[in-house]
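Engineer: One structure follows; several queries about it will come next.
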Amino acid sequence: MVDVNHQERTIKVKLVYYGPAVGGKTTNLKVLHESALGTRRGQFLSVNSAQDRTILCDLLPLASGGFRGYGLKLQMLAVPGQTMYAATRRVVVKNADGVAFVANSASDRWQENTQCLQEMVVNLKAQHLDPTNIPLVFQYNKRDLPDVVEMEALSGALNGRKAPEFPAVATTGEGVLETFSSLLTLTMEDMCRQYPSLELPAGQTVTTWVREAVEGMFGRHHIDLSEEPDQTVDPGELGLELDAAEPGGHLKIQIPTPEEGPRGDGTTDVRSAESLAEAYAEASAELGLVVVEVRGERDLARMRLAEIRAALELGTEAMHDADIEERVRRILKILVQAAGANGASLLLSTADLLKVLPLPPLADDPLSQTVWGGDHVEELWQIAEPRLEEATGSAQRASALRASDPSVEAVASVPLRSAERLLGLALLYFGTHAVLPNAEVLQHLGFVARVLSGPLEASAAREATSHADRLRVLSRPSAAAVASLLTRLPAESARKMRLLLTDALSPLQAPGIILEIPPDAPAVLGDAPLLRFALATLVGQCEADALERGRIPEVLIRVEQDGGAVKVEVTGGGQASVMSASQAGPDLADAELSVVGAIVAMHGGILTAGRTESQTPHFTIELVQA
Ligand SMILES: Nc1nc2c(ncn2[C@@H]2O[C@H](COP(=O)(O)OP(=O)(O)OP(=O)(O)O)[C@@H](O)[C@H]2O)c(=O)[nH]1
Ligand SMILES: [Mg+2]
């Protein structure tokens, strides 16, 4: 039974490849894994013998995009075909939502195919699955071998149910995607029968949905590896890569298998040995699923960090290069990626008029186009946190959203506000096949929006006055939000690249900031945008301190080598201003400092904060030398 989670908005579907040993099950999954676009595939996990025979199972997670706004996760499994792993096969088919039977076309494998099919029927029944009804397709593989059984003969012997059947040469990709698409279609049709609430709206069929889903996952409907030896890697919309480990790699666990098992004394209870094997296989298969899930979560956390990094980068880079429309476009791109949306626009409140800035290819904002939508946007102007609204929620909303071209099924409204005021409202649009954001994603969007409101505020202020002072990079609530995210992420999520501090810190150069970096300063290991952001925050602290004491800010950033570490010192100060007398500076231990602390900790470094003898702020960051 398909696993539907309404709260997380996910559907999990388990598809099992069953068949005799060396029939090509693993090869099918391997080809699917290698051909799937980078953002759609998880890690391919196989537990093998040294000879590459499957011992436990192969596990391939694929994300097929949205089905009625739910994120559809496919768990593709292949059983081990060798006779001795019967207990494992029984376990792996448990809770299967659909099965592909991969037969070996070789003439000398005829009997193994029929025996294996009989065993599959027994195993399905043992797991309370109906072999006459479960979504099932046949693949007659290895059609390239010189001596193969005719398709008709294989079909007559195996396919009594007259299920869809496909010839294949899995090693070249032939028939692989066809088998998969057909199995997915049958399984989704079956799911719609089980859950009438998930049935597609009028005018859409599972077949058309599968066509688009396969296109989205593989960018094609037929694989021919003989023609395309090169892999295409899909870096995602924003070009944000998941660094360090490759997320979609192939994790192979090899277990040496002895030629023969340990010698028993002949009194072993065969049944208890078998149930032990089954319990072991079950535990291991579940462990496999957990490993894949944990990796998925880690990849998601990395993606989140990449989005935050992109947002922070926008806040610390030189302002004059990008005009406000360019800045808005980049803000929207980050939000679109974080939400998995199909389009977006930003309603910007400047002075007394409302500016609508759509992200191409949208030419205008769909919602503000309609009378009802225009009024509704005014209501949305009041919201404090991101909100999702679906077309299915009300008739008026449905007609407003579906009137746009292409038609839209949902909109997420994300307010961009500084500590004091609403700067703009991002409207993120979702098409028919999108995965709609769940509560966790909405929370993340709110959080990214708080970080993004910094650069937006800076741009808006720059528009107002051309000689405005440099603005604080983050407002306090945003800083607290960033700190809470950074402390939740594992330390290894930060990119550890070899950085020359001269390059990494030069964007901070500005009037009133002195950079003292010796030309022979050693490189450090770190994440440039995060480090730059941390230092910009410290500079901001020093500046604020000087201003509060009535001085014109002057900040020194000094880099020096200290044994195996690299020390970066940020010292405040300033010239006396004619404006006012000096007083004690503000408290340094606040939310912003906790962000810097979290970033430094991610780099395995140490942050110390204090004041010099003359009471000016003084920070030291010790970083690891590359
Ligand atoms: N000639 C040919 N070889 C194939 C084809 N498909 C798979 N093979 C090869 O057959 C061997 C076995 O393939 P696997 O995919 O490991 O078979 P399996 O069904 O997973 O086998 P078990 O794990 O033992 O159950 C490998 O060497 C493959 O490269 C095919 O269509 N034609
Ligand atoms: Mg295998």
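Bear in mind these aren't lab numbers, they're just calculated from the coordinates by the rules spelled out. No experiment lies behind these values; they were computed from the predicted model shown. All Cβ positions, even for glycine, are placed from backbone atoms using ideal geometry, and neighbour counts span all protein chains on display.
Engineer: Mind listing which GluC sites (Glu not before Pro) in the range 112-203 are in a DSSP loop and have 11 or fewer other Cβ atoms within 10 Å?
Structural biologist: Details: sites: Glu112, Glu119, Glu150, Glu152, Glu165, Glu174, Glu178, Glu189, Glu199; in loops: Glu150, Glu199.
Of the GluC sites (Glu not before Pro), the ones in loops of the range 112-203 whose Cβ has at most 11 other Cβ atoms within 10 Å are Glu150.
Engineer: If Lys and Arg each add +1 and Asp and Glu each add -1, what is the summed charge of the other residues whose beta carbon sits under 15 Å from the beta carbon of Val408?
Structural biologist: Result for the local shell: -3.
Engineer: Answer with one residue from Asn123, Thr39, Val290: the one whose Cα lies farthest towards the positive end of the charge dipole of the range 3-296, charges on Cβ with Lys, Arg +1 and Asp, Glu -1.
Structural biologist: Farthest towards the positive pole: Asn123.
Engineer: Sort 218-227, 365-374 for me by packing, meaning the mean count of neighbouring Cβ atoms within 10 Å per residue, highest on top. Present the calculation step by step, with values, prior to reporting the outcome.
Structural biologist: Values: 218-227: 13.9, 365-374: 18.3.
Output ranking for 218-227, 365-374: 365-374, 218-227.
Engineer: Now a separate question. How big is the charge dipole of the range 317-462 about its Cα centre, in debye rounded to the nearest 20, if each Lys and Arg gets +1 on its Cβ and each Asp and Glu gets -1 on its Cβ?
Structural biologist: Dipole about the Cα centre, nearest 20: 200 debye.
Engineer: Assign unit charges at the C-beta atoms only (+1 for Lys and Arg, -1 for Asp and Glu), then state the dipole size of the range 28-107 relative to its Cα centre in Debye, rounded to the nearest 20.
Structural biologist: I would put it at about 200 debye.
Engineer: Please give me, ordered by residue number, the GluC sites (Glu not before Pro) of the range 498-568 that lie in loop per DSSP and have at most 11 other Cβ atoms within 10 Å.
Structural biologist: none
Engineer: Taking neighbour Cβ counts within 10 Å as the exposure measure, how do Thr432, Thr502, Thr132 sort from fewest upward?
Structural biologist: Sorted ascending by nearby Cβ count, the order is Thr132, Thr502, Thr432.
Engineer: Further question on the same structure: Expressed as a whole percent, how much of the Cα-Cα distance distribution for the range 3-296 exceeds 24 Å?
Structural biologist: Percentage above 24 Å: 52.
Engineer: Exceeding 20 Å between C-alpha atoms, which entries from my cross-link table qualify? They are Lys94/Lys125; Lys14/Lys125; Lys73/Lys496; Lys73/Lys94; Lys94/Lys252; Lys142/Lys252.
Structural biologist: Details: Lys94/Lys125 10 Å; Lys14/Lys125 17 Å; Lys73/Lys496 31 Å; Lys73/Lys94 17 Å; Lys94/Lys252 23 Å; Lys142/Lys252 24 Å.
Violating the 20 Å Cα-Cα cut-off are Lys73/Lys496; Lys94/Lys252; Lys142/Lys252.
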